[in-house]
There are 2 protein chains.
Amino acid sequence: MRGVTIRDVAARAGVSPATASRVLSGNPATSALSRERVEQAVAELGFRPNAQARSLRSTRTSTIGLLISDVRNPFFADLAHAAEQQALELGLITLLANANESVEQQNRYLDVLLAQRVDGLILVPQGGDNANVEMLASSGLPAVFVDRVIDGIDLPSVTADNSSGMGEAVQHLAELAHRRIGYISGPRSASTGRERFAAFQAATLACGLEQDPELVVFGDFQAGSGAAGARQLLELSNAPTALIAADGLMTMGAVRICQELGIRIGEDLSLVGYDDIDAFAIMRPALTLIAQDADEMGRTAVRLLHQVIAGEEPEPVVLPTRLMVRKSTGPVKTGVNR
Amino acid sequence: MRGVTIRDVAARAGVSPATASRVLSGNPATSALSRERVEQAVAELGFRPNAQARSLRSTRTSTIGLLISDVRNPFFADLAHAAEQQALELGLITLLANANESVEQQNRYLDVLLAQRVDGLILVPQGGDNANVEMLASSGLPAVFVDRVIDGIDLPSVTADNSSGMGEAVQHLAELAHRRIGYISGPRSASTGRERFAAFQAATLACGLEQDPELVVFGDFQAGSGAAGARQLLELSNAPTALIAADGLMTMGAVRICQELGIRIGEDLSLVGYDDIDAFAIMRPALTLIAQDADEMGRTAVRLLHQVIAGEEPEPVVLPTRLMVRKSTGPVKTGVNR
DNA sequence: CAAATTGGTGGAATCGATTCCATGAAATCG
DNA sequence: CGATTTCATGGAATCGATTCCACCAATTTG
């Protein structure tokens with residue numbers, strides 16, 4: 001069954017490999033007769049073109065790579081799903097790779113995807129060692145950044161406005177009379193980590209809130225660090241009355257810790273999460289959060305990449321973020337010390 | 001930068017392409033001198049071997065395909081993550097593809113992955129049109145089923161014991177005096193859907209519970225169908241006092257509906273979920289659920305595939321499932337009609 | 001010291017599909 | 001009706017790395 005080549009097909013159809021190839025690639029310069037005979041031979045032999053051989057010659061693979069930072073993060077799962085569907089519509093196949101929030105693994109997959117000669121690459125860059133990403137950018141392979149960018153590397157990008165949603169969140173908490181807001185930040189190595197933190201600082205300053213460095217802890221966008229950060233903040237002698245976490249997984253970690261410590265979210269503590277993850281809607285209390293549109297981000301990334309492949313130079317796209325107020329935030333409790 | 005071939009490297013190093021190739025593939029029949037010169041040339045030119053050309057000749061790609069049914073289902077996200085890490089340890093690169101619970105899309109990706117000449121394939125088969133899967137099985141390409149199987153197609157598999165956890169769950173509910181248990185089933189097209197349903201029926205029979213066909217609704221393993229199913233069951237004139245959902249996403253849908261209908265989970269209604277998803281642990285009340293080890297399943301699938309690639313014929317592996325009792329199940333309320 | 005082994009090397013064939021180029025037949029035109 | 005264009009086709013080169021085979025030099029062995 002395996003090892004059926006186009007030569008076998010051609011022989012069976014009584015034509016040359018050249019003609020068989022033309023039929024298979026939809027080249028119009030083929031007669032109805034040979035088209036029919038080749039198609040029948042293909043069916044009879046169960047022929048499957050070897051993509052390697054094909055793209056070796058034609059230098060196109062109709063395949064794009066999507067290198068995300070964490071499959072287990074629902075935000076990226078959604079993004080990947082939307083991107084893949086959009087790619088399918090454009091006739092592109094998506095090979096998904098998971099950097100697992102590790103630069104080393106990112107670089108490894110970068111190598112693999114380049115070696116696979118994908119037609120283009122969508123990348124959620126990890127911070128740290130950028131050598132491979134720089135190589136990618138200068139290689140001329142169509143590529144776009146999604147969600148995060150790397151300063152100094154000029155590639156088209158789709159990102160979210162990391163500032164406006166955060167500003168709304170801080171203002172919302174300020175209006176509820178919170179003065180000390182704890183912040184569980186993403187890593188400084190990620191642009192999203194830096195931008196959200198900067199937005200947090202700017203907003204607390206603008207609202208005249210306390211700017212105590214003790215109120216900020218740095219995590220790595222994974223649940224464990226969110227938990228550790230929340231614990232550290234909540235065990236402060238002068239603990240914050242509200243908490244903002246900078247991504248979905250760290251939010252989950254923070255929630256877990258609140259429960260362990262017996263802190264009632266929405267009453268004893270106001271919590272603002274990040275990312276509009278399904279689970280956050282059905283939690284009780286439902287989580288107030290900063291939402292970004294993962295689906296739109298995924299789709300846009302593919303469209304941008306498609307443009308780059310077509311030789312265009314698309315402008316960077318910045319999608320909005322917004323605060324969704326639900327039940328995990330409330331007025332600060334005055335006089336009651338927990 | 002692009003288009004550097006091994007010929008360029010060889011020329012720069014002053015050796016033949018054959019020697020350059022040997023150095024690059026770690027063939028011991030190379031002198032220290034040429035090894036050094038080739039490596040330097042590679043570095044200077046930024047040479048990247050073309051995987052297509054390589055595997056065209058050597059028929060190995062060191063790449064495996066992992067075709068899951070839904071990236072957005074945390075169970076499969078966990079499974080994919082674990083599989084990928086295990087593959088990396090064995091020196092294999094995982095290309096992840098997402099069937100999106102659709103046979104058509106599964107078949108499309110099956111074509112692509114075969115054309116990419118992956119060394120092996122791990123597949124969560126969709127039900128329905130099996131033609132492509134049969135083709136796969138008879139093609140001789142190393143392949144294993146994970147999570148689900150297709151009857152009549154003899155491939156090594158890693159599945160969960162869909163029976164024991166379900167049995168425990170029904171018994172647990174029976175002990176809490178529930179007599180009418182609603183069941184939100186997976187599709188009959190999936191082996192897991194069928195097996196869990198069969199286990200549910202067997203267990204209700206064994207425990208002497210009601211076997212009303214009205215108590216069973218069929219979903220498609222996605223959140224929407226879980227919601228629709230839960231609504232249908234809970235709006236029954238003679239509604240069940242307990243609900244079991246057959247996968248994680250349908251469980252989430254069911255929870256959402258309970259909240260919409262104002263039904264207090266764990267008090268008005270007992271709910272047993274499926275899959276040990278992080279979110280289920282931090283929900284209030286924490287969900288009682290049937291847990292399977294997604295990580296172990298992913299790792300085992302890769303190990304099995306590795307064995308198949310090595311020419312062995314591994315036995316099917318069945319992993320245990322177990323009931324984790326938390327707070328969403330409680331004694332049936334007698335006398336109180338909601 | 002001749003013969004056999006070992007080790008490194010280069011030339012050339014190879015993997016399978018695509019595509020350039022030349023060719024011959026049919027169709028169109030002046 | 002001869003000349004030109006169109007069209008389908010086959011032969012052969014090609015993509016880039018691997019690997020078989022032959023070769024030569026250096027070493028070891030009888």
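Taking into account only those residues within the range B:5-20 that are surrounded by fewer than 18 Cβ atoms within 10 Å (Cβ to Cβ) and under 22 Å from A:T59 (Cα atoms), which is nearest to the other protein chains (Cβ to nearest Cβ)?
Filtering the range B:5-20 down to residues surrounded by fewer than 18 Cβ atoms within 10 Å (Cβ to Cβ) leaves B:5, B:7-8, B:11, B:14, B:16-18.
Remaining after also requiring under 22 Å from A:T59 (Cα atoms): B:5, B:7-8, B:17.
Working: B:T5: 12, B:R7: 15, B:D8: 15, B:P17: 16 Å.
Only one residue tops the list, namely B:T5.
Which condition number does B:E84 fail, the rest of (1) within 16 Å of DNA strand C (Cβ to nearest atom); (2) in contact with a strand residue (DSSP E or B) (Cβ under 6 Å, 6 or more places away or on another chain) being met?
Condition not satisfied by B:E84: (1).
Go through the range B:21-32 and count every residue that is more than 25 Å from A:L141 (Cα to Cα), within 12 Å of DNA strand D (Cβ to nearest atom) and among the aliphatic types (A, V, I, L, M).
2
Just give me the residues in the range B:107-132 being of a type in the set (V, I, T) and either within 9 Å of another protein chain (Cβ to nearest Cβ) or in a strand (DSSP E or B) (or both), in sequence order.
B:V112, B:I122
Could you pull out every one of the helices (runs of 4 or more DSSP H) wholly within the range B:173-274 that has 2 or more residues that are basic (K, R)?
B:191-206
Could you tell me whether B:N98 is away from DNA strand C (no atom under 16 Å from the Cβ), surrounded by 13 or more Cβ atoms within 10 Å (Cβ to Cβ), within 20 Å of B:L136 (Cβ to Cβ) and not assigned by TED's automatic domain parsing to the domain that holds B:S225?
yes
Could you list all residues from the range A:33-80 that are away from every other protein chain (no Cβ under 14 Å), surrounded by fewer than 18 Cβ atoms within 10 Å (Cβ to Cβ) and more than 8 Å from DNA strand D (Cβ to nearest atom)?
A:E36, A:E39, A:Q40
Within the bounds of the range A:170-191, is there any residue that is hydrophobic (A, V, I, L, M, F, W, C) and over 19 Å from A:L323 (Cα atoms)?
Within the range A:170-191 (the criterion being hydrophobic (A, V, I, L, M, F, W, C) and over 19 Å from A:L323 (Cα atoms)), the answer is yes, since at least one residue qualifies.
Go through the range B:156-172 and give me each residue that's touching a residue at least 40 places away in the same chain (Cβ under 8 Å), under 11 Å from B:I290 (Cα atoms) and assigned to a helix (DSSP H, G or I).
Correct list: B:S164, B:G165, B:M166, B:E168, B:A169, B:V170.
For the range B:277-296, enumerate the residues that are buried (at least 22 other Cβ atoms within 10 Å of the Cβ) and within 19 Å of B:I68 (Cα to Cα).
B:I277, B:Q292, B:A294
Being closer than 27 Å to B:A80 by Cβ, surrounded by 16 or more Cβ atoms within 10 Å (Cβ to Cβ), within 11 Å of chain A (Cβ to nearest Cβ) and polar (S, T, N, Q) narrows it down to one of B:T300, B:T251, B:T321, so name that one. Spell out the reasoning first.
Values: B:T300 fails: within 11 Å of chain A (Cβ to nearest Cβ); B:T321 fails: within 11 Å of chain A (Cβ to nearest Cβ).
Selected residue: B:T251, the only one of B:T300, B:T251, B:T321 that is closer than 27 Å to B:A80 by Cβ, surrounded by 16 or more Cβ atoms within 10 Å (Cβ to Cβ), within 11 Å of chain A (Cβ to nearest Cβ) and polar (S, T, N, Q).
Going by the structure shown, is B:A29 surrounded by fewer than 18 Cβ atoms within 10 Å (Cβ to Cβ), within 16 Å of DNA strand C (Cβ to nearest atom) and facing chain A (nearest Cβ under 10 Å)? Before the answer, list the steps.
Working: surrounded by fewer than 18 Cβ atoms within 10 Å (Cβ to Cβ): yes; within 16 Å of DNA strand C (Cβ to nearest atom): yes; facing chain A (nearest Cβ under 10 Å): no.
It is false that B:A29 is surrounded by fewer than 18 Cβ atoms within 10 Å (Cβ to Cβ), within 16 Å of DNA strand C (Cβ to nearest atom) and facing chain A (nearest Cβ under 10 Å).
Looking at A:E168, A:E175 in this structure, which one is under 26 Å from A:S225 (Cβ atoms) and not assigned by TED's automatic domain parsing to the domain that holds A:A77?
Details: A:E175 fails: under 26 Å from A:S225 (Cβ atoms).
Step by step, each of A:E168, A:E175 is checked, and only A:E168 is under 26 Å from A:S225 (Cβ atoms) and not assigned by TED's automatic domain parsing to the domain that holds A:A77.
One line per residue, one yes/no per condition, for (1) within 16 Å of DNA strand C (Cβ to nearest atom); (2) of a type in the set (A, V, I, L, M, F, W, C):
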| residue | (1), (2) |
| --- | --- |
| A:S16 | yes, no |
| A:L33 | yes, yes |
| A:V38 | yes, yes |
| A:A53 | yes, yes |
| A:L56 | yes, yes |
| A:S62 | yes, no |
| A:T94 | no, no |
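Restricting attention to the range A:81-106, and to residues there that are farther than 18 Å from A:V149 by Cα, assigned to a helix (DSSP H, G or I) and of a type in the set (S, T, N, Q), which single residue is nearest to the other protein chains (Cβ to nearest Cβ)?
A:Q85
If the requirement is being assigned by TED's automatic domain parsing to the domain that holds A:T192 and in contact with a His (Cβ under 8 Å, 6 or more places away or on another chain), which of these qualifies: A:L209, A:L249, A:L243?
Of A:L209, A:L249, A:L243, the one residue that is assigned by TED's automatic domain parsing to the domain that holds A:T192 and in contact with a His (Cβ under 8 Å, 6 or more places away or on another chain) is A:L209.
Here is a list: A:G140, A:G165. Which entry is at positive phi and of a type outside the set (K, R)?
Only one candidate passes the filter, namely A:G140.
The values are calculated or read from the model by the stated rules, or taken from the named source; none is laboratory data. Being a predicted model, the structure only gives us computed values, none of them experimental. For neighbour counting, all protein chains shown are included, and Cβ atoms are generated from backbone atoms with ideal geometry for every residue, glycine included.
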